[in-house]
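One structure below.
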Amino acid sequence: MPEPGDAPRQSPQGVPYTELQHIVNADGLHLFCRYWEPASPPRALVLVVHGLGEHCGPYDEIAQRLKDLSFLVFAHDHVGHGQSEGDRMTIKDFQFFIRDCLQHIDLMKSRHPDLPVFILGHSMGGAISILTACERPSDFAGVVLIAPLVQMNPESATPFKVFVAKLLNRVVPSLTLGTVDSKWISRDQKRVKEYESDELNYHGGLRVSMGIQLMGAAARIEKEIPTISWPFYLLHGDEDKLCDINGSKMMQEKAASSDKTLKIYEGGYHSLHQDLPEVAESVLKEVSGWITERLPVNTTQQPQGS
C-alpha cells in the first residue's frame, strides 16, 4: 500500500487513478473500469469481458445498444491490459482474471441486489466468462460468448508444441512467441486499422507463460462443459483463424444446459461485433434480443418514462 505523501498511483499511460474509474483487486492492483448506465431504472446487469491483448473500450457499440434497452453495462481492463496495472500480457494464474470478474460483479450486485446478471465475453474473455459462470452457476441469468476460446487451435497446440512450450515456460517464461495477425480480426479494413492504431491494445508477441495459462484454461473448460446448466448463446464465424470454432461446436453439443444456441456466421472472422457492418449489426441485434428474452417476467416490461 502507498505511504502517506506518496504520489498517486498512475495508469500505464501516466493518468492518476484518482481521475479514472477503477477498482482495486485482491493483489492491490488498480483496474480501469467503464460503466454504461441507462437513464431509466436498469433491468439487468451485464458484465462485458474483453479478449487477450485488447481492452474494454472497443465494446462501446455493443454496450451502448444494451444501455439503450435499460441494461446497466460494466467492464474493466484485465490485469496487464489497457489502462489497468500489472505486467503486460502475463499472469501467474488464469484464475486471477476470474477472481477479478467475480469481485466486480459482487460490487455491482451490492448496488443493485435485485437485478439479474448476464456476462458477455469475447475470445479469451469468453474463456474467462465460462469459468466465471462455472464458479457460481446459479448466479447468472445467461452468458453470451462471441468467438470464445474453448479449445486451443490444433495447429498451434500440437503435442510437440505443447511439450516445447512447457519446457520453455520453466526456463524463459517471458520469451515471446508470434504476434496476433491483425488481418484476421475483421473483414472490415477500417476496423483492422483501428485495432492496429489503438495504443491501448498490446501489439507485441504472446509470452510463453501466457500461452501455458491459456492452455490450462482450455483444459479446465473441457472438463467443465458437461456440467454447464446455465443458458448460453454462442456466436462464431466459420473463418475464425484465432479461436477454433470446433470449441464452440463441442460446447454446444456436450453442455448439459437445456437453453443453448450456436449461431454460425458464414465467412465471419474473429471479432464478429466488429466484422462487416451487416454482420456487426446482426450481432448487436442477436445479443440484445437474446438477453432481453431471458429477463425474469417482472423486468421484461420497459420502465415507465423510458
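Residues being in a helix (DSSP H, G or I) and out of contact with any strand residue (DSSP E or B) (no Cβ under 8 Å at 6 or more places or on another chain): count how many of those fall in the range 200-231. Going through the range 200-231 one residue at a time, the tally reaches 19. Checked against (1) modelled with pLDDT under 95; (2) exposed (fewer than 15 other Cβ atoms within 10 Å of the Cβ); (3) under 21 Å from Asp93 (Cα atoms), His203 meets all criteria but (3). Suppose we keep only residues that are part of a loop (DSSP other than H, G, I, E, B) and modelled with pLDDT under 75 within the range 280-306. Which one would you say is nearest to Tyr233 (Cα to Cα)? So, considering only residues that are part of a loop (DSSP other than H, G, I, E, B) and modelled with pLDDT under 75, the one nearest to Tyr233 (Cα to Cα) is Thr300. Selection of first residues in the range 112-132 that are more than 20 Å from Ile225 (Cβ to Cβ) and of second residues that are among the aromatic types (Phe, Trp, Tyr) and modelled with pLDDT of 95 or more, restricted to Cβ pairs under 6 Å at least 6 apart or on distinct chains, gives the following pairs, ordered by first then second residue: Val117/Phe140. For the criterion of being surrounded by 15 or more Cβ atoms within 10 Å (Cβ to Cβ), modelled with pLDDT under 95 and closer than 20 Å to His22 by Cβ, Ile105 fails. Looking at this structure, is Leu47 part of a loop (DSSP other than H, G, I, E, B) and of a type outside the set (D, E, K, R)? When the stated conditions are applied, Leu47 does not pass them. Restricting attention to the range 73-90 and to residues that are of a type in the set (A, V, I, L, M, F, W, C) and outside any strand (DSSP E or B), the residue that is farthest from Pro38 (Cα to Cα) turns out to be Met89.
Considering Ser229, Ser248, Ser258, Ser209, the condition of being surrounded by 17 or more Cβ atoms within 10 Å (Cβ to Cβ), hydroxyl-bearing (Ser, Thr, Tyr) and at pLDDT 95 or above is satisfied by Ser248 alone. Of the candidates Ser209, Ser248, the single residue that is in contact (Cβ under 8 Å) with a residue 40 or more places away in the chain and in contact with a Pro (Cβ under 6 Å, 6 or more places away or on another chain) is Ser209. Scanning the range 232-245 for residues that are crowded, with 17+ Cβ neighbours inside 10 Å and either part of a loop (DSSP other than H, G, I, E, B) or not β-branched (Val, Ile, Thr) (or both) yields Phe232, Tyr233, Leu234, Leu235, His236, Gly237, Asp240, Leu242, Cys243, Asp244.
The values are calculated or read from the model by the stated rules, or taken from the named source; none is laboratory data. Owing to the predicted nature of the structure, the values given are computational and were not obtained by experimental measurement. Glycine gets a Cβ as well: all are built from the backbone with ideal geometry, and neighbour counts include every protein chain shown.
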